[in-house]
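J.: So that we are looking at the same thing, I have put the structure below in structure tokens.
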Amino acid sequence: MNQWLDERLHISRLNDKFLRKAFPVHHSFFLGEITLFSLIILIITGIVLALSYEPSNSLIVNSFDPGTADKPNLIPAAYHSALKINAMPFGDMLRRVHHWTANIMVAAAVIHMMRIYFTGAFKKPREINWWIGMLLLIFTALTAVTGYILPYDNYAYNTVKVVYGIAASIPWIGSWLAQAAFAGNFPGEGIIPRIYGYHIMLLPGILLALTGAHMLLMIKQKHTQPQYAKRIAYKKIVGVPLLTQQTPIMLMLTLLFAGIVLLFSAFIPVHPVEFFGPPSTTPIQNIKPDWYLLWVFGALAIIPSFELTIFGGIIGSEFVGAILLPTVVIAAMFAVPMLDRSKDNNYYAENPTNHPVRLAIGTSFMALLIIMSVAGYKPDLISANVLTTGNANTVLWILMFVVPAVTYFATIGIVRGIRALREADERESLAHSTAAADD
Amino acid sequence: MTRYRKQDPEMTRRRFINAAMGTTATVGIVSLVGVLGTANPVFRLTRDKMPPVEGDVLVHASASKEGEIIKPSELSEQLIRAWPMGKDKEGNNLIRKGDPNNVLAVFRYPKGQIVAPTNLEATIDGEIVAYSDICTHAGCSVSDDDQQEGQMKCPCHSGQYDPKRGCIVVGGPPPRPLAQLPIKMDGDKLVVAGFFLENPYPFTEAEWEARKEAVKAQLA
């Protein structure tokens, strides 16, 4: 049968090209795989959820609490179907798995990128894959945001209102753009069908295509080799082949990962739609976006109020905080491979302590994002009496500059310390070896 | 290559194909843009989407009491959310909640506490005042401030307003104060006395003027 298949499908070629792909043996290389498995779990659970979801914001009678004939209890069909999904056997569990996996996918992608950055794996020839990875990160976040609008409870309603407001804040073209993206003035009759289209067709399609390209390039260019590979076989690919050694490891990882997600979902509830209730004019106190967008939220909370009019376009704090600032941050991340001028191809994962400046910039960048996320907790910090309404902005603005700076110099200092220790060690072992030779 | 380019009076095959492909691509893109144009549906100003107009009665907006007419005795320094209720073409009552940006915030303070820049002529006896309840920053509904008595705070990005001073911005990112709505008493009802004094969210000044004209033209 092997031969029969081979003659038709050229399995041996596939085998040589793809199935024998060598995987480096190091746990940090599993982060990308976790991201991939998350995507697969998300697609499977998403398909099952889509079977029971009604993508419409038309008002229908709530079958769980119909009200009276002259005053029926009307709620959006999408919200109603979310309630129905929760009432299904394992329906709530399915929603939780989908939600948890989405969070883990973003987290795994972020840590995966940190691994790439700190070990220099973005260097020539892998720049293109860094950029594809950035696109994957952006589209993953967009997919997640459109996903938590779909239940169309009060939380989703407030979220989409802010997202609409942010889109509309772009000078000159903003209101047209927001209306085109969200099917008319907020909240248009077609807003949920529109976002449903984005969430289940457009964005997953983009994610799958980018993932495919990402992995093809990875197979073509090979992983960076861990440092031990340099010692055992210089400039040779070291690792275990996809088939058959890496596959059982991957399967094990998938099962372990799925198990952990199920455990999380069983015990930690996410997004209780019943609690938030249908869309209403009553705002939700201390509403916050998911953790990966908290930094933008924090920036908006501490940015001062202003409005400039330039050639009829209005530039306000919202545009600067929610569009301009993230664009600058994302552009900086895109630019990472261009800051490296090496002409040679990079084979080996670098030890971060050998590149103290890169390491320090990375840690202080993360410290900045963390402080901005903390700024997202401004109201909570004020109500906990940590800060006052008067000083909150000043303190948070100072922290935004001081903490990254301190992190930068602390990192450089620690790296110097590590190096000094290492050099001392080397001198010592050298002294001992020469002493031994003298005998 | 030769020094002399061959002069061919006829179009080469390559040129023809390039031109044909270019034309196809142009026509294709133009028609795609045409199709995408339909992504942005036309806005129709229906009566339930109109901003509060003169003569509208203020009714409760909270889910439990929605549609009940607000009595002055119910008002206090605590924010009460209200919808403007007007008439449809047949003269039946119609709550203008087709546009959620129509939601209002109504307060009542002891005399003398409401000061400039609030337009005192647009309040009822300098005691009852109404504002748009939509934050001018990202369009969230603004609440009472749980940390500072007598102020308003937007839960979305911590925008803060002072309702006793014309809802000026006292903290956070909002660019403009909340728009004040002129109101008057009509028996025991609170009635809208005219359009918002400034442009409410999401309108710019020019858009707001245009909207006012459109509403006037439609109701005339």
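The values are calculated or read from the model by the stated rules, or taken from the named source; none is laboratory data. All values reported here derive from a predicted model rather than from experimental measurement. So basically every Cβ, Gly included, is an ideal-geometry build from the backbone, and we count neighbours across all protein chains shown. The protein model used for the area step is the full one, side chains on, heavy atoms only, and it has no ligands, DNA or RNA in it. Shrake-Rupley method; radii C 1.70, N 1.55, O 1.52, S 1.80 Å.
J.: How many residues does the range B:163-172 contain that are of a type in the set (A, V, I, L, M, F, W, C) and facing chain A (nearest Cβ under 8 Å)?
T.: So in the range B:163-172, the residues of a type in the set (A, V, I, L, M, F, W, C) come out as B:167-170.
Narrowing the set further to residues that are facing chain A (nearest Cβ under 8 Å) leaves B:169.
Within the range B:163-172, residues that are of a type in the set (A, V, I, L, M, F, W, C) and facing chain A (nearest Cβ under 8 Å) number 1.
J.: Give the range B:178-192 a look and list any residue that's touching a helix residue (DSSP H, G or I) at 6+ places or on another chain (Cβ under 7 Å) and of a type in the set (Gly, Ala, Ser), or say none.
T.: Residues satisfying the conditions do not exist here.
J.: Residues in the range A:227-235: is at least one open to solvent by less than 40 Å² (accessible area, probe 1.4 Å), farther than 30 Å from B:Val142 by Cα and not in a loop (DSSP other than H, G, I, E, B)?
T.: To start, the set of residues in the range A:227-235 that are open to solvent by less than 40 Å² (accessible area, probe 1.4 Å) comprises A:229, A:233.
Keeping just the survivors that are farther than 30 Å from B:Val142 by Cα gives A:229, A:233.
Keeping just the survivors that are not in a loop (DSSP other than H, G, I, E, B) gives A:229.
So far as the range A:227-235 goes, yes, one or more of its residues are open to solvent by less than 40 Å² (accessible area, probe 1.4 Å), farther than 30 Å from B:Val142 by Cα and not in a loop (DSSP other than H, G, I, E, B).
J.: Now a separate question. Counting just the residues of the range B:144-162 that are polar (S, T, N, Q) and open to solvent by 20 Å² or more (accessible area, probe 1.4 Å), which one comes out farthest from the other protein chains (Cβ to nearest Cβ)? Working first, answer last.
T.: From the range B:144-162, those polar (S, T, N, Q) are B:147-148, B:151, B:158, B:160; that's our starting set.
The next check asks that each one be open to solvent by 20 Å² or more (accessible area, probe 1.4 Å); those that pass are B:147-148, B:151.
Working: B:Gln147: 6, B:Gln148: 6, B:Gln151: 9 Å.
Ranking the candidates gives B:Gln151 first.
J.: Considering each residue of the range A:231-290, count those that are under 30 Å from B:Trp83 (Cα atoms) and either touching a residue at least 60 places away in the same chain (Cβ under 8 Å) or away from chain B (no Cβ under 14 Å) (or both), and give that number.
T.: Within the range A:231-290, the first condition is being under 30 Å from B:Trp83 (Cα atoms), and the residues that meet it are A:271-289.
Cutting the leftovers down to either touching a residue at least 60 places away in the same chain (Cβ under 8 Å) or away from chain B (no Cβ under 14 Å) (or both) gives us A:271-280, A:282-284, A:286-289.
Within the range A:231-290, residues that are under 30 Å from B:Trp83 (Cα atoms) and either touching a residue at least 60 places away in the same chain (Cβ under 8 Å) or away from chain B (no Cβ under 14 Å) (or both) number 17.
J.: Which count do you get for residues in the range A:147-180 that are among the polar types (S, T, N, Q) and in contact (Cβ under 8 Å) with a residue 60 or more places away in the chain?
T.: So the count comes out to 4.
J.: In addition: Could you list, in sequence order, all residues of the range A:163-183 that are within 20 Å of A:Leu150 (Cα to Cα) and in a loop (DSSP other than H, G, I, E, B)? Give the derivation first.
T.: First, the residues of the range A:163-183 that are within 20 Å of A:Leu150 (Cα to Cα): A:163-167, A:178-183.
A:Phe182, A:Ala183 - these are the residues of the range A:163-183 that are within 20 Å of A:Leu150 (Cα to Cα) and in a loop (DSSP other than H, G, I, E, B).
J.: Same structure, new question: Out of the residues in the range A:316-342 meeting the condition of being open to solvent by 20 Å² or more (accessible area, probe 1.4 Å) and outside any helix (DSSP H, G or I), tell me which one is farthest from A:Gly376 (Cα to Cα).
T.: It comes out as A:Ser342.
J.: Now for a separate question. What are the pairs with Cβ atoms under 8 angstrom where one residue, in the range A:305-322, is of a type in the set (Asp, Glu) and the other, located anywhere, is open to solvent by 40 Å² or more (accessible area, probe 1.4 Å)? Sequence gap at least six, or different chains.
T.: Pairs that qualify, where the first residue is of a type in the set (Asp, Glu) and the partner is open to solvent by 40 Å² or more (accessible area, probe 1.4 Å), are A:Glu307/A:Ile314; A:Glu307/B:Arg176.
J.: (1) more than 17 Å from the chain's Cα centre (by Cα); (2) free of Cβ contacts under 8 Å to residues at least 24 places away in the same chain: which one isn't true of B:Asp188, the others all being true?
T.: Of (1) more than 17 Å from the chain's Cα centre (by Cα); (2) free of Cβ contacts under 8 Å to residues at least 24 places away in the same chain, only one is false for B:Asp188: (2).
Every residue, every condition in (1) outside the structural domain of A:Ala121 (by the TED database); (2) in a helix (DSSP H, G or I); (3) within 20 Å of A:Val328 (Cα to Cα), yes or no:
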position	(1), (2), (3)
A:Ile370	yes, yes, yes
A:Leu381	yes, yes, no
A:Val386	yes, no, no
A:Phe401	yes, yes, yes
A:Ile412	yes, yes, no
A:Ala431	yes, yes, no
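J.: Which one of these is more than 14 Å from chain B (Cβ to nearest Cβ) and either open to solvent by less than 40 Å² (accessible area, probe 1.4 Å) or not in a helix (DSSP H, G or I) (or both): A:Leu210, A:Leu142, A:Leu216? First the steps, then the outcome.
T.: Numbers: A:Leu142 fails: either open to solvent by less than 40 Å² (accessible area, probe 1.4 Å) or not in a helix (DSSP H, G or I) (or both); A:Leu216 fails: either open to solvent by less than 40 Å² (accessible area, probe 1.4 Å) or not in a helix (DSSP H, G or I) (or both).
Testing whether each residue is more than 14 Å from chain B (Cβ to nearest Cβ) and either open to solvent by less than 40 Å² (accessible area, probe 1.4 Å) or not in a helix (DSSP H, G or I) (or both) leaves just A:Leu210.
J.: Ok, one more. Can you tell me which residues in the range A:27-68 are surrounded by fewer than 18 Cβ atoms within 10 Å (Cβ to Cβ), under 33 Å from the mean Cα position of the chain (by Cα) and modelled with pLDDT under 90?
T.: Residues satisfying the conditions are A:His27, A:Ser28.
J.: Exactly one condition in (1) in contact (Cβ under 8 Å) with a residue 40 or more places away in the chain; (2) outside the structural domain of A:Val163 (by the TED database) is false for A:Arg427; which is it?
T.: Failed condition: (1).
J.: Here is a follow-up. Here is a list: B:Lys111, B:Lys97. Which entry is surrounded by fewer than 22 Cβ atoms within 10 Å (Cβ to Cβ), within 14 Å of chain A (Cβ to nearest Cβ) and not aliphatic (A, V, I, L, M)? Write out each step before concluding.
T.: Numbers: B:Lys111 fails: within 14 Å of chain A (Cβ to nearest Cβ).
Checking each option against the conditions leaves just B:Lys97.
Here's the yes/no breakdown for (1) away from chain A (no Cβ under 14 Å); (2) out of contact with any helix residue (DSSP H, G or I) (no Cβ under 9 Å at 6 or more places or on another chain); (3) without any contact (Cβ under 8 Å) to a residue 40 or more places away in the chain:
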{"site": "B:Met11", "(1), (2), (3)": "yes, no, yes"}
{"site": "B:Arg15", "(1), (2), (3)": "yes, yes, yes"}
{"site": "B:Ala25", "(1), (2), (3)": "yes, yes, yes"}
{"site": "B:Ile29", "(1), (2), (3)": "yes, yes, yes"}
{"site": "B:Val53", "(1), (2), (3)": "yes, no, no"}
{"site": "B:Val59", "(1), (2), (3)": "no, no, yes"}
{"site": "B:Ser62", "(1), (2), (3)": "no, yes, yes"}
{"site": "B:Glu66", "(1), (2), (3)": "no, yes, yes"}
{"site": "B:Ser73", "(1), (2), (3)": "yes, yes, yes"}
